[in-house]
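Here the structure is laid out as structure tokens; the discussion comes afterwards.
The values are calculated or read from the model by the stated rules, or taken from the named source; none is laboratory data. If you're wondering where the values come from, they're calculated on a predicted model, not measured in any experiment. A quick note on method: Cβ atoms are made from the backbone with ideal geometry, for glycine too, and the neighbour counts reach across all protein chains shown. Keep in mind that these areas ignore ligands, DNA and RNA; they rest on the heavy atoms of the full protein, side chains included. Shrake-Rupley method; radii C 1.70, N 1.55, O 1.52, S 1.80 Å.
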Amino acid sequence: MEKKNNKYHNSFPLDPEARVKALKTILETKGLVEQEALDEILDTYQNKVGPINGAKLIAKAWIDSSFKNDLLEQTEKVLTELNLSGRQGEHVTVVENTSEIHNLVVCTLCSCYPWPLLGLPPSWYKSDAYRSRAVREPRKVLEEFNLLIPNSKKVRVWDSTSEMRYLVLPQQPEDSIGLSEDELVNWVTRDCMIGAGIPKRPGKFND
Ligand code: FE
């Protein structure tokens, strides 16, 4: 039996890309958004921010334990002071990987992500498959990212929302100990700050 409100749903295209275009047209027609403003936002988070802001935080946390404590315990204060708490980054929790726990971040509902720290999310982060499987079978998903988590280690999955986003503080690789903060920044990949990877020696092929 057809549901009462189906006629409203059916008036929108099913294809997500077409739906976005339809919505954008409506918003533009009503004067609620401007193409120029949208382009500027996209350019900022796609090209100007990227994951470098997050990588700098991680590198500093690795060499400065007092900064690391502040980053974990008073995240919002630290991010505000560094001017890193803009759009989509208002509330961030930093979760630390240890020898006992590996953290993985997902947004099961849509694609919530800390833009000011990591830029725009990768397409796999927004995919239906990742969003549903990261919660159901995180170890298997991590294996597909070539990350084998031993059974002795717990995997904790964090579900982002518009109220709270997460940044993973990865463990510092043994062979990077002693390097400077600037050198360490290059070891911190985007994926390791989502929990879908581990830090890598610069120049090493990222699989
Ligand atoms: Fe979301």
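Of note:
- For segment 129-181, taking the residues that are of a type in the set (Ser, Thr, Tyr) and open to solvent by less than 70 Å² (accessible area, probe 1.4 Å), the one that is farthest from the ligand (Cβ to nearest atom) is identified as 180.
- Output for segment 79-104, where each listed residue is under 20 Å from residue 135 (Cβ atoms) and part of a loop (DSSP other than H, G, I, E, B): 97
- Extreme residue, surrounded by the most Cβ atoms within 10 Å (Cβ to Cβ), among residues of segment 39-61 that are in contact with a Leu (Cβ under 6 Å, 6 or more places away or on another chain) and of a type outside the set (A, V, I, L, M): 54
- Scope segment 113-162; condition over 18 Å from residue 93 (Cα atoms) and of a type in the set (A, V, I, L, M, F, W, C); matching residues: 124, 129, 134, 135, 141, 142, 145, 147, 148, 149
- Check on residue 94, more than 16 Å from the ligand (Cβ to nearest atom), of a type outside the set (Lys, Arg) and crowded, with 21+ Cβ neighbours inside 10 Å: yes
- Meets criteria (in the same structural domain as residue 90 (by TED's automatic domain parsing), free of Cβ contacts under 8 Å to residues at least 12 places away in the same chain and either basic (Lys, Arg) or within 14 Å of the ligand (Cβ to nearest atom) (or both)) for residue 126: no
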